[in-house]
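Asker: Mind having a look at this structure? Questions to follow.
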């Protein structure tokens with residue numbers, strides 16, 4: 001989940017953040033479509049600095065020798081998103097990369113790349129590449145937001161965003177899912193789980209079908225599926241092509257959430273090719289994969305309980321209960337009611353039915369942000385659900401809640417499936433549904449609300465096995481790891497584990513926050529100053545620094 005925009009935090013409480021539980025802000029997402037065309041000029045000329053690791057200079061030099069032809073981000077006069085990017089000072093270009101790095105002379109795909117050029121050229125440090133989460137989060141529009149977070153050091157960098165392969169304005173993959181996410185609960189019993197098995201199998205089949213239609217035919221031959229090439233390791237290879245095309249011997253990097261895994265993979269595959277690395281909301285590679293939600297129940301339950309305490313202090317506004325226990329009891333009643341019969345909420349075109357596989361997903365989505373606006377939004381939506389559980393007549397939903405539900409439950413017309421295509425392409429998942437059902441049943445005793453969600457089956461159970469082994473940390477990396485002690489998505493325990501695996505790294509801790517994604521978005525001056533000091537000097541703190549969440553005036 002992206003930490004990059006307040007609107008995403010509000011949608012998070014409504015459920016949109018669940019749709020990409022480690023994914024991007026919709027406000028930063030680009031329109032789907034290939035990057036080539038008006039507003040995205042193909043790269044020409046030469047850059048420098050040959051590849052390392054995968055492939056040889058002779059096989060990959062044409063990609064590394066590209067030079068971005070920077071220009072307008074608008075693909076046409078009707079491209080509002082592109083014009084908006086132009087208005088921020090962004091420049092855009094398109095780069096070509098191999099579909100399959102083992103066959104660099106074969107089919108190619110396009111990467112959409114953006115740049116906010118350094119203005120302090122006398123003291124320019126270099127280029128910094130961004131990934132805001134996912135998998136599958138577009139970052140083409142992110143550089144202006146990050147420059148604001150970087151404060152005085154921002155003008156000293158070329159800030160570079162890109163839409164990863166098969167995302168946004170890069171060559172796109174759209175699985176055409178009937179839902180916006182695959183993250184649902186197994187429900188209260190076997191019937192809900194069986195519905196999930198059927199759904200997840202269908203989602204995998206749709207991606208398998210879509211994967212063969214991304215690239216055009218060559219003669220009469222239908223292209224093989226792109227799915228085996230939708231992987232983090234290939235995205236890291238793409239990043240190194242971007243570095244070379246920019247003419248940078250080393251590139252700095254800022255990654256949030258999944259982007260921390262991508263950044264770690266890059267340091268392992270391309271040692272010596274990176275400069276300053278910030279990993280915000282980080283987790284150890286061993287914790288990454290299709291079942292990465294397992295083990296996060298405790299942090300999510302604490303975050304939910306803390307929200308309940310907040311809502312209890314505002315019972316006169318939301319009517320959810322006058323104590324933490326009373327609010328949590330209301331939540332349990334809502335889930336139980338949805339298991340008996342789907343809850344009917346909303347009116348007219350914004351009417352929805354929510355069952356026991358979907359309601360826990362909304363609860364989970366609310367835990368990643370402990371700011372007052374996010375808690376207020378979630379409290380409003382819980383009031384709607386509580387009314388439905390009590391048999392009240394449906395009321396009109398807020399536009400934000402309706403849009404979030406439309407996306408999660410029906411897809412909302414947005415491209416779908418890339419997040420799980422990456423997860424499934426990176427790490428194999430168990431195949432047998434009985435394995436998941438066993439885990440779900442075992443989880444209920446300790447974690448009745450969220451265990452059936454964190455242990456549920458997903459589309460990766462029906463996916464082909466990955467072509468490459470998962471990345472393991474075998475080299476040290478001098479990175480700054482940023483983590484909140486109560487992060488419900490990428491747990492603090494996992495951030496500490498990554499820090500232990502990278503002894504040359506530093507761990508910047510924010511105590512007391514149930515928040516996923518900190519730098520530049522949470523409002524911690526302490527965190528922002530530490531990160532900016534590192535970006536300015538390249539020197540990691542000698543001792544792991546600790547910041548403390550500032551108390552709220554009304555807490």
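The values are calculated or read from the model by the stated rules, or taken from the named source; none is laboratory data. Since the structure is predicted, the reported quantities are computational estimates derived from the model, not experimental observations. Heads up, the Cβs are rebuilt from the backbone with ideal geometry, glycines too, and the neighbour counts pull from every protein chain shown.
Asker: Which condition number does residue 183 fail, the rest of (1) over 27 Å from residue 463 (Cα atoms); (2) at pLDDT 95 or above being met?
Answerer: (1)
Asker: Return the residue satisfying two criteria in turn: it lies in the range 119-146 and is in contact (Cβ under 8 Å) with a residue 60 or more places away in the chain and not in a loop (DSSP other than H, G, I, E, B), and of such residues it is nearest to the chain's Cα centre (by Cα).
Answerer: For the range 119-146, the residue satisfying everything is 131.
Asker: For the range 265-361, list the strands (runs of 3 or more DSSP E) that sit wholly inside it and hold at least 2 residues that are under 29 Å from residue 520 (Cβ atoms) and modelled with pLDDT of 95 or more; which are they?
Answerer: It comes to 274-280.
Asker: How many residues does the range 177-203 contain that are over 19 Å from the mean Cα position of the chain (by Cα) and assigned to a loop (DSSP other than H, G, I, E, B)?
Answerer: The number of residues fulfilling the criteria is 6.
Asker: Being more than 19 Å from the chain's Cα centre (by Cα) and either over 30 Å from residue 102 (Cα atoms) or without any contact (Cβ under 8 Å) to a residue 12 or more places away in the chain (or both): is that true of residue 228 here?
Answerer: no
Okay, residues lined up against (1) crowded, with 24+ Cβ neighbours inside 10 Å; (2) over 23 Å from the mean Cα position of the chain (by Cα):
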{"residue": "465", "(1), (2)": "no, no"}
{"residue": "472", "(1), (2)": "no, no"}
{"residue": "482", "(1), (2)": "yes, no"}
{"residue": "526", "(1), (2)": "no, yes"}
{"residue": "541", "(1), (2)": "no, yes"}
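Asker: Another one. Every residue in the range 488-506 that is out of contact with any strand residue (DSSP E or B) (no Cβ under 9 Å at 6 or more places or on another chain), crowded, with 17+ Cβ neighbours inside 10 Å and not in a helix (DSSP H, G or I), please.
Answerer: Scanning the range 488-506 gives 488, 489.
Asker: Those residues that are within 18 Å of residue 413 (Cα to Cα) and surrounded by fewer than 22 Cβ atoms within 10 Å (Cβ to Cβ), I need them from the range 173-201; list them, please.
Answerer: Within the range 173-201, 174, 176, 178, 179 meet the criteria.
Asker: Restricting the range 517-529 to residues that are in a helix (DSSP H, G or I) and touching a strand residue (DSSP E or B) at 6+ places or on another chain (Cβ under 8 Å), which is farthest from residue 280 (Cα to Cα)?
Answerer: Out of the qualifying residues, it is 526.
Asker: So if I check each of 168, 154, 105, which one is assigned to a loop (DSSP other than H, G, I, E, B) and either out of contact with any strand residue (DSSP E or B) (no Cβ under 7 Å at 6 or more places or on another chain) or free of Cβ contacts under 8 Å to residues at least 24 places away in the same chain (or both)?
Answerer: Among 168, 154, 105, only 105 is assigned to a loop (DSSP other than H, G, I, E, B) and either out of contact with any strand residue (DSSP E or B) (no Cβ under 7 Å at 6 or more places or on another chain) or free of Cβ contacts under 8 Å to residues at least 24 places away in the same chain (or both).
Asker: Any idea which residue in the range 507-516 is farthest from residue 549 (Cα to Cα), counting only those that are in contact with a helix residue (DSSP H, G or I) (Cβ under 8 Å, 6 or more places away or on another chain) and in a loop (DSSP other than H, G, I, E, B)?
Answerer: By that ranking, first place goes to 516.
Asker: Shifting gears a bit: If residue 252 satisfies every condition in (1) touching a strand residue (DSSP E or B) at 6+ places or on another chain (Cβ under 6 Å); (2) under 30 Å from residue 200 (Cα atoms) but one, which is the exception?
Answerer: (2)
Asker: Could you please let me know if residue 180 is without any contact (Cβ under 8 Å) to a residue 12 or more places away in the chain and either touching a helix residue (DSSP H, G or I) at 6+ places or on another chain (Cβ under 6 Å) or over 18 Å from residue 517 (Cβ atoms) (or both)?
Answerer: Considered against the rule, which asks whether it is without any contact (Cβ under 8 Å) to a residue 12 or more places away in the chain and either touching a helix residue (DSSP H, G or I) at 6+ places or on another chain (Cβ under 6 Å) or over 18 Å from residue 517 (Cβ atoms) (or both), residue 180 comes out as no.
Asker: Right, here's the next one. Looking only at the range 155-165, filter to residues that are touching a helix residue (DSSP H, G or I) at 6+ places or on another chain (Cβ under 8 Å) and crowded, with 22+ Cβ neighbours inside 10 Å; which one of those is farthest from residue 526 (Cα to Cα)?
Answerer: Only one residue fits best here, namely 165.
Asker: Among the residues of the range 464-485, are any in contact with a strand residue (DSSP E or B) (Cβ under 8 Å, 6 or more places away or on another chain), within 17 Å of residue 263 (Cα to Cα), assigned to a helix (DSSP H, G or I) and at pLDDT 95 or above?
Answerer: no
Asker: Can you find even one residue in the range 404-421 that is surrounded by fewer than 21 Cβ atoms within 10 Å (Cβ to Cβ), assigned to a helix (DSSP H, G or I) and in contact with a strand residue (DSSP E or B) (Cβ under 7 Å, 6 or more places away or on another chain)?
Answerer: yes
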